Amino acid sequence: MSGGGFEMRPPQRKLEQPRRVRHGIRFRRKQGLDGLPWHAAAFVAAVEEGIRPDAKVLAMEYALSGQVANYTVAPGVVEAAVQGRGVRPYQVRITCRPLSREEWDRVVERMAGEAVFAARLLTGDVPESIEACFEAIGRRLVPGPADPVHTQCDCGLEQPCKHAAAAAYLMAERIEVDPVVLFQLRGLEGERLLERLQEQRTLQTSGVSQAHATAAEDDDLAGLPPLEQCAADFWRPGTALDEAGAGDAAEHVPHALLRRMGPSPMGGKFPMVGLLASIYDSIRTRAPR
């Protein structure tokens, strides 16, 4: 309209939204990605490596609104169908190299040396120290720079894209609830892993269930007197604290007392000492410092 100081402007085009999915899989964590357990957070970080900030925002919107139609986990790959603006869902693949049979043999042998790993897995927890069993053979449980993850999507966008990230967020949520899915991704189902750990521990102990592997002669605890010889001096004062220099402190040995006590005489499906070790670790990580 002219003469009155007004100018007609064309209506703004509404931003095109992705097609909604009926019964899509939604990301349900109220705190978003904050507070994820270490292994789930590390998985997300590996997938998000190099992603644009705006793509991360859109990916979370996709995950929250249920744009992921379905996803499956198999050895070496997470496959998902993510609905975007196109007519058909985009096909997403998040891949990593599974461990070979020989590599799993070596990892299981190392894990079986400490009952705490099986004890924690039975309670749905994965201790971060478990990565040492994989790093010893040059691999990782959770993908990272040294053992990377790759993303593919037929959307044609730069990788990693919002569709792959949305699938990764749902995978992280599942890892938090069912952490053994990571072992399936690396090529060994969680139930079979627990079975192999029990078999390996039976072999290592010649059929006698122990909570921890027998300490070697050159272990940090070698040479210490038996507990019965220390009982009489337990309440007697030792070296004054002001005489103990910081540099004289011995390196921390996890579960040292449990190791010295040896296997529990109590029977059951799983060694008592392994369960106690799991409880001690949980208390230590949650106690105020």
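A few points about this structure:
- Some residue of region 193-212 being modelled with pLDDT of 85 or more, in a loop (DSSP other than H, G, I, E, B) and within 22 Å of Val78 (Cβ to Cβ): no
- Residues that are among the hydrophobic types (A, V, I, L, M, F, W, C), over 22 Å from Glu158 (Cα atoms) and buried (at least 17 other Cβ atoms within 10 Å of the Cβ) within region 33-84 comprise Leu33, Leu36, Ala40, Ala41, Val73, listed in sequence order.
- Test: residue in region 76-84 that is over 18 Å from Asp178 (Cβ atoms), among the hydrophobic types (A, V, I, L, M, F, W, C) and at pLDDT 95 or above: yes
- Test: residue in region 1-17 that is surrounded by 10 or more Cβ atoms within 10 Å (Cβ to Cβ) and at pLDDT 85 or above: no
- Check on Arg106, over 20 Å from the mean Cα position of the chain (by Cα), more than 23 Å from Ala41 (Cα to Cα) and surrounded by fewer than 21 Cβ atoms within 10 Å (Cβ to Cβ): no
- Among the residues of region 146-170, the ones that are among the hydroxyl-bearing types (Ser, Thr, Tyr) and more than 17 Å from Pro18 (Cβ to Cβ) come to 1 in all.
- Residue among Ala41, Ala63, Ala74, Ala80 that is within 21 Å of the chain's Cα centre (by Cα) and farther than 28 Å from Arg22 by Cβ: Ala41
- Flag for Asp233 being at pLDDT 70 or above, of a type in the set (D, E, K, R) and closer than 30 Å to Gln91 by Cβ: no
The values are calculated or read from the model by the stated rules, or taken from the named source; none is laboratory data. Source: prediction; values computed, not measured. Reconstructed Cβ throughout: ideal geometry from the backbone, glycine too, with neighbour counts over all protein chains shown.
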